[in-house]
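Down below is the structure, laid out as structure tokens.
The values are calculated or read from the model by the stated rules, or taken from the named source; none is laboratory data. Note that the structure is a prediction, hence the values are computed from the model and not measured. In this analysis, Cβ positions are derived from the backbone assuming ideal geometry, glycine residues included, and neighbour counts consider all displayed protein chains.
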Amino acid sequence: MAKKQTIKVESFEIVLYSQNSEDYISLTDIARLKNSETTGLVISHWLSTRYTVKFMGLWEKMNNPIFNVTEFSNIKNESGSNGFVFYGKHLIEKFANIF
């Protein structure tokens, strides 16, 4: 069973979850600090940065034995460019086979 706690940052509550000895923090709640009306856009911009894409690739290399490094190289090379947009649904639908 998941345990749920909250912390307060400024006037916003951020949810923390603990389940099976793993801890999670709500990215959506953190994005509300930046812009409470367009949290999805805030998250999309964060996911599209070169640094975030590199971090996700490193995490996958360390934790995913079937991670497709070659396919991910294409994503990494596009990241940070003006036309590159990466969002959660995109990640799940298009790249589920490499993550």
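Descriptive notes on the structure:
- Filtered residues of the stretch 32-58 (kept if more than 19 Å from Phe84 (Cβ to Cβ) and of a type outside the set (Lys, Arg)): Leu33, Asn35, Ser36, Glu37, Thr39
- Here Glu10 fits the description: loosely packed, with under 11 Cβ neighbours inside 10 Å, modelled with pLDDT under 90 and in contact with a helix residue (DSSP H, G or I) (Cβ under 8 Å, 6 or more places away or on another chain).
- For the stretch 13-40, filtering for residues that are acidic (Asp, Glu) and at pLDDT below 90 leaves 3.
- For the stretch 29-46, a residue qualifies if it is surrounded by 13 or more Cβ atoms within 10 Å (Cβ to Cβ) and either of a type in the set (Asp, Glu) or touching a helix residue (DSSP H, G or I) at 6+ places or on another chain (Cβ under 7 Å) (or both), and the qualifying residues are Asp29, Ala31, Arg32, Lys34, Thr39, Val42, Ile43, Trp46.
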